[in-house]
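The values are calculated or read from the model by the stated rules, or taken from the named source; none is laboratory data. Here the structure is a predicted model, which means the values were calculated and not measured. Cβ: placed from backbone, ideal geometry, glycine included. Neighbour counts: every protein chain shown. To get the accessible areas, we keep the full protein, side chains included, count just its heavy atoms, and leave off ligands, DNA and RNA. Shrake-Rupley method; radii C 1.70, N 1.55, O 1.52, S 1.80 Å.
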Amino acid sequence: MFEYELQQIRSDELIREAHNHRQAQEALRGRRAAARESGQNDPEGKAHSPRPRRHRFARAA
């Protein structure tokens, strides 16, 4: 009986953890959608930082 109760407790913990994960993913999707909608007025979009991601030219050896 003790093992069954431990299994039930663990199962409940996993269900709560999965629910929290789904809520976090849903919130993230909402933030991304809101950012996408607010950025639609800007034709080029917004850069995360002013510096380019890659160097324009490869480094010389």
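With the whole protein complex present, Arg31 retains an accessible surface near 150 Å², based on a 1.4 Å probe.
For segment 22-30, what does the Karplus curve 6.51 cos²θ - 1.76 cosθ + 1.60, with θ = phi - 60°, yield as ³J(HN,Hα) per residue in whole Hz, taken in order and with x for Gly and Pro? The phi angles translate into 4, 5, 5, 5, 5, 5, 5, 4, x Hz. With a sphere of radius 13 Å drawn around the Cβ of Leu28, what net charge do the other residues whose Cβ falls strictly inside it have (Lys, Arg +1; Asp, Glu -1)? Charge balance near Leu28 sits at +4.
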